[in-house]
1. Out of 54, 84, 31, 50, which single residue is assigned by TED's automatic domain parsing to the domain that holds residue 132 and at pLDDT 90 or above?
2. Based on this model, can you work out whether residue 95 counts as within 24 Å of the chain's Cα centre (by Cα) and under 28 Å from residue 250 (Cα atoms)?
3. Out of (1) within 18 Å of the chain's Cα centre (by Cα); (2) closer than 16 Å to residue 370 by Cβ, the odd one out for residue 221 is which?
4. Any idea which of 286, 318, 304 is of a type in the set (Ser, Thr, Tyr), touching a strand residue (DSSP E or B) at 6+ places or on another chain (Cβ under 9 Å) and in a helix (DSSP H, G or I)?
5. For residue 11, indicate whether it is in contact with a strand residue (DSSP E or B) (Cβ under 6 Å, 6 or more places away or on another chain) and assigned by TED's automatic domain parsing to the domain that holds residue 293.
6. Count, please, the residues in the stretch 373-408 that happen to be under 30 Å from residue 201 (Cα atoms) and part of a helix (DSSP H, G or I).
7. Scan the stretch 118-141 and tell me whether some residue there is within 21 Å of residue 93 (Cβ to Cβ), in a helix (DSSP H, G or I), touching a Ser or Thr at 6+ places or on another chain (Cβ under 9 Å) and without any contact (Cβ under 8 Å) to a residue 60 or more places away in the chain.
8. So how many residues does the stretch 340-349 have that are in a loop (DSSP other than H, G, I, E, B) and either in contact with an Asp or Glu (Cβ under 6 Å, 6 or more places away or on another chain) or buried (at least 22 other Cβ atoms within 10 Å of the Cβ) (or both)?
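The values are calculated or read from the model by the stated rules, or taken from the named source; none is laboratory data. Everything numeric here is computed off the predicted structure, so don't read it as measured data. With ideal geometry, Cβ positions are generated from the backbone for all residues, glycine too; neighbour counts draw on all protein chains shown.
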Amino acid sequence: MHDPVSQAPVLYEIHEYNRAMLGPTVYLAHAGARMFSDPTSWLARLPGAARLAAGYELIYRIGKTYDRPEWGIHEVTAHGRTVAVASEVVSSTPFCRLLHFARCGDPCDELAADPKVLVVAPLAGHHATLLRDTVRSLLADHDVYVTDWQNARLIPVEHGPFTLDDYVDYVRQLIRRLGADRLHVMAVCQPTVPVLAATALLAAAGEAQPRSLVLMGGPVDSRRSPTQVNEFAGERSLHWFETTLVDRVPAIYPGRDRRVYPGFLQHAGFMALNPVRHIGSHWSFYRHLIEGDQADAQEHRRFYDEYNAVMDLPGEYYLDCIRIVFQQHLLPRGLWDVRGARVEPAAIRDSALMTIEGERDDISGPGQTRAAHDLCTGIPADRQRHLTVEGAGHYGIFSGRRWRQSIYPQVRDFIAAAARARP
């Protein structure tokens with residue numbers, strides 16, 4: 001039997017070695033891009049300078065390390081006026097910070113009366129900033145809190161492991177802390193499962209439940225319309241995932257020796273889902289730079305600055321998700337126990353439920369999130385709603401024009417109705 005304790009860091013060490021070896025090339029490419037594109041440089045006036053600059057920048061962006069992006073939300077329009085926004089950490093654990101996007105206005109005005117929303121961001125590779133568009137839209141009408149998960153390679157091993165049970169516990173703690181009587185919880189992708197479980201356990205224990213749950217594009221029942229992601233998880237043994245994809249953090253990071261699913265492996269998986277699309281996008285970026293189309297080039301930078309910024313996941317948590325969610329399907333089968341307590345979504349009675357899916361979602365297929373309605377039989381039908389967004393992929397249901405113009409107004413109205421439903 002494989003002994004995970006004795007597993008030596010192999011893939012991670014090789015990755016770090018390659019990154020160090022390529023570092024000079026990446027920096028030289030960055031310098032070349034600047035020299036051949038800066039209007040004040042004589043090199044930029046040479047024939048073919050635009051092509052050289054574009055090629056160098058492409059090399060630089062393919063090889064560089066992408067750090068955690070900034071939220072960049074400093075003001076929003078709320079109740080017909082522009083208000084400043086300041087993000088603040090209101091609680092912190094080694095694995096997650098709870099951020100509050102405080103809108104700076106008179107505490108006695110209508111801002112104080114807005115519904116309180118907890119956005120549970122995915123712990124699935126990308127940083128919580130992937131939900132920037134979601135948060136910015138919500139701030140127009142809500143008091144918003146967001147889970148900001150930490151990169152596991154930066155968490156010292158003495159803080160112990162982090163499991164899916166720990167995730168469920170943390171969500172329960174946040175619901176209690178923020179006050180379920182005024183709280184609405186939105187889960188995007190992966191957290192639809194632990195959020196549903198946390199609410200079910202609160203209900204079974206006789207505790208207050210959030211006024212509403214908004215579950216978006218998540219694998220509540222990954223047996224429905226299985227995608228490549230689901231098939232990949234189901235076709236391999238748990239032992240394969242543990243021995244092939246879980247590694248130990250090298251000594252150069254604070255999380256030395258922590259077992260993780262490395263971010264660079266996740267990024268490779270993301271790219272492999274749509275290789276033609278990504279190759280085409282990079283080729284278009286190169287052409288935009290040559291043609292001087294700075295607007296489209298900057299949009300490419302903005303997207304990939306976010307998409308390429310990935311973090312390591314705790315190994316125990318990752319393996320729990322593979323086993324519980326994608327292989328054994330314990331939640332929809334009614335067989336999931338958390339800390340010895342059975343997760344029974346039918347116990348939820350006081351929360352309104354809205355599920356949202358993209359018609360073309362290639363990560364959580366159509367029907368996987370909608371399955372929550374079949375499980376939450378204690379919620380009256382008139383307090384349940386489902387929305388399938390035609391033509392939308394996974395990211396399109398929480399980011400972009402379709403989210404802002406079509407989906408968000410329906411989410412806003414659903415939350416407002418749920419807020420009025422109970423005193």
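1. Exactly one of 54, 84, 31, 50 is assigned by TED's automatic domain parsing to the domain that holds residue 132 and at pLDDT 90 or above, namely 84.
2. yes
3. (1)
4. 318
5. Spelling it out, residue 11 is indeed in contact with a strand residue (DSSP E or B) (Cβ under 6 Å, 6 or more places away or on another chain) and assigned by TED's automatic domain parsing to the domain that holds residue 293.
6. The number of residues fulfilling the criteria is 10.
7. yes
8. Residues in the stretch 340-349 being in a loop (DSSP other than H, G, I, E, B) and either in contact with an Asp or Glu (Cβ under 6 Å, 6 or more places away or on another chain) or buried (at least 22 other Cβ atoms within 10 Å of the Cβ) (or both): 2 in total.
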